[in-house]
Amino acid sequence: MSVNWSVNEGRNPYVAEESAVGLVFHAAESTAVDDVAVKDVVEAALERAVACLDANVKNESLYFMVEWAPSCSVLRLAVTDAGKVQDSREVVVCQFSALNTVLQQAEDGPARLEAFSDKVSFWAKDYLSTSTKFMNYSLVALYATTVRAEAVLL
């Protein structure tokens, strides 16, 4: 599946962020709703983020943060410091608006949102564990859904 990326300086087009000054957001919006298509877009976003590692990894870099916001179906990928506060310059974001509509309208909405979050975590772990380019860096891959402080290892 082809993904069209736009570049936004200092502004995340999908989630309002206070600390976006100095960041460059590689953004895409997907209309995918089935698992195979969504997985393809998630992998394309991971590929884009891994391609930015040369520019992003600095001495203070420690984590490769994979964040999934279940309430709005937005994937955010960033390299961050040991405190999980300061992101590197290049950040990848992808919004799944059609998927979010489907998940929110389901009778078992909250359960489906949680189950889908588990899928995103699995796809990210699977991709990163086989990415030779990612393995060239000493980064710890983390996954978070709400608060970075509660992130878990991938």
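The values are calculated or read from the model by the stated rules, or taken from the named source; none is laboratory data. Predicted, not measured: the structure shown is a model, and the values here were computed from it. Quick reminder, even Gly has a Cβ in these numbers, built from the backbone with ideal geometry, and neighbours come from all protein chains shown. Heavy atoms of the whole protein, side chains included, go into the accessibility calculation; ligands, DNA and RNA do not. Shrake-Rupley method; radii C 1.70, N 1.55, O 1.52, S 1.80 Å.
How much area per residue is accessible in the chain when the probe is 1.4 Å and only protein heavy atoms are counted (Å²)? Write down the numbers at each step before the final one.
Numbers: 7880 Å² over 154 residues.
Roughly 51 Å² per residue, with all protein chains present.
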Based on the Cβ-Cβ distance of D118 and T31, what FRET efficiency does E = 1/(1 + (r/R0)^6) give at R0 = 35 Å, to the nearest 0.05?
0.95
Of all DSSP beta bridges with both partners in the chain, the antiparallel percent, nearest 5, is 60
Please list K84, K125, K119 from largest to smallest accessible area, probe radius 1.4 Å, with all protein chains kept in place.
K125, K119, K84
Report the full-extension gain for the segment K125 to V147: residue separation times 0.36 nm, less the Cα-Cα distance, to one decimal in nm.
6.0 nm
R11 versus K133, label points 7 Å from Cα toward the beta carbon: distance in nm?
2.8
Quick one: work out Rg over Rh on the C-alpha atoms of segment 6-154, Rh as Kirkwood radius.
0.94
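Quick one: compute the contact order of the chain, relative version, from alpha carbon pairs under 8 angstrom and 6+ residues apart, as a percent. Walk me through the numbers on the way to the answer.
Details: 273 pairs, mean separation 37.8, N = 154.
25 percent.
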Tell me the GluC sites (Glu not before Pro) within segment 74-126 that lie in a loop according to DSSP and have at most 16 other beta-carbon atoms within 10 Å.
E107
Rounded to the nearest Å, the spacing of the alpha-carbon centers of segment 7-40 and segment 130-154 is 18
Rank S73, S138, S88 by mean-square fluctuation in a GNM of the chain with C-alpha springs under 10 angstrom and give only the top-ranked residue.
S138
In Å², nearest 10: area of R112 left accessible to a 1.4 Å probe:
90
Quick one: dipole size for the chain, taken about the Cα centre, charges +1 on Lys/Arg Cβ and -1 on Asp/Glu Cβ, in debye to the nearest 20.
280
Would you check the accessible area of E29, probe 1.4 Å, heavy atoms only, in square angstrom rounded to 10?
100
